[in-house]
Amino acid sequence: METIEQLLESKDIRVTAMRLLIYKFLAENKAAVTLSNIENAFEKADRTTLYRTIKTFEENDIVHQIDDGTGITKYALCEQGCSCDIKTDLHLHFHCNNCNETVCLTEHKIPQIKVPDGFVSENVNLVVKGICDKCSGQ
Ligand SMILES: [Zn+2]
Ligand SMILES: [Zn+2]
Ligand SMILES: [Zn+2]
């Protein structure tokens, strides 16, 4: 496993204390996080810095956005080697209707969807909704 520093450097991202902290925060959370989760976790930090950090991570395929239908964008760490490619890297997400958490189901890749000629896919979003293992107690 490469270190977070090596990962950032391999993507030509300058390693800063803030970036390391936010990466660790994302890694510690099994569920996807919202910007306000991040803001609450780093209350003393400048919001613009937090937002820019997430954007930098997103642009470099370190995190991906999740639209779980709640209307609030969530973010989760990408797998190693992910390039957020619509053909190979997108996976299903699971949204719990009880605790509102959303997790990556990375072992379930989204199948290639063939769209009609002239249509161009830019993003695919597949969310399974139900009750998570914590809430179902199993
Ligand atoms: Zn990705
Ligand atoms: Zn739940
Ligand atoms: Zn995901």
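The values are calculated or read from the model by the stated rules, or taken from the named source; none is laboratory data. Every value quoted in this text rests on a predicted model; they were computed, and no experiment measured them. Here the Cβ is made from the backbone with ideal geometry for all residues, glycine too, and neighbour counts use every protein chain on show. In case anyone asks, the SASA skips ligands and DNA or RNA and just uses the protein heavy atoms, side chains included. Shrake-Rupley method; radii C 1.70, N 1.55, O 1.52, S 1.80 Å.
Of the residues that sit in the stretch 107-137 and are in contact with a His (Cβ under 9 Å, 6 or more places away or on another chain), surrounded by 10 or more Cβ atoms within 10 Å (Cβ to Cβ) and among the charged types (D, E, K, R), which one is modelled with the lowest pLDDT? It would help to see each step written out before you state the result.
The initial filter retains those residues of the stretch 107-137 that are in contact with a His (Cβ under 9 Å, 6 or more places away or on another chain), namely 107-110, 125-130, 132.
Adding the requirement that they be surrounded by 10 or more Cβ atoms within 10 Å (Cβ to Cβ) leaves 108-110, 125-130, 132.
Imposing the further condition that a residue be among the charged types (D, E, K, R) reduces the set to 109, 129.
Values: 109: 94, 129: 97.
In this case the residue turns out to be 109.
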Taking first residues from the stretch 123-138 that are among the small types (Gly, Ala, Ser) and second residues anywhere that are more than 16 Å from ligand 3 (Cβ to nearest atom) and in a loop (DSSP other than H, G, I, E, B), the pairs with Cβ under 7 Å that are 6 or more apart or on different chains are 130/97
Which of the residues spanning the stretch 45-68 are open to solvent by less than 60 Å² (accessible area, probe 1.4 Å) and within 19 Å of residue 127 (Cα to Cα)? 63, 64, 66, 68
Kindly provide the set of residues from the stretch 1-17 that are open to solvent by 80 Å² or more (accessible area, probe 1.4 Å) and outside any helix (DSSP H, G or I), ordered by number. 1, 12, 14
I'm trying to understand the selection: among the residues of the stretch 74-105, which are within 12 Å of the chain's Cα centre (by Cα) and modelled with pLDDT of 95 or more? 74, 75, 76, 77, 78, 91, 92, 93, 102, 103, 104, 105
Any chance the stretch 47-66 includes a residue that's within 16 Å of ligand 3 (Cβ to nearest atom), without any contact (Cβ under 8 Å) to a residue 12 or more places away in the chain, within 14 Å of the chain's Cα centre (by Cα) and closer than 30 Å to residue 16 by Cα? yes
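Can you go through 36, 83 and tell me which one is outside any loop (DSSP other than H, G, I, E, B), among the polar types (S, T, N, Q), out of contact with any strand residue (DSSP E or B) (no Cβ under 6 Å at 6 or more places or on another chain) and open to solvent by 50 Å² or more (accessible area, probe 1.4 Å)?
Working: 83 fails: outside any loop (DSSP other than H, G, I, E, B).
Being outside any loop (DSSP other than H, G, I, E, B), among the polar types (S, T, N, Q), out of contact with any strand residue (DSSP E or B) (no Cβ under 6 Å at 6 or more places or on another chain) and open to solvent by 50 Å² or more (accessible area, probe 1.4 Å) holds for just one of 36, 83, which is 36.
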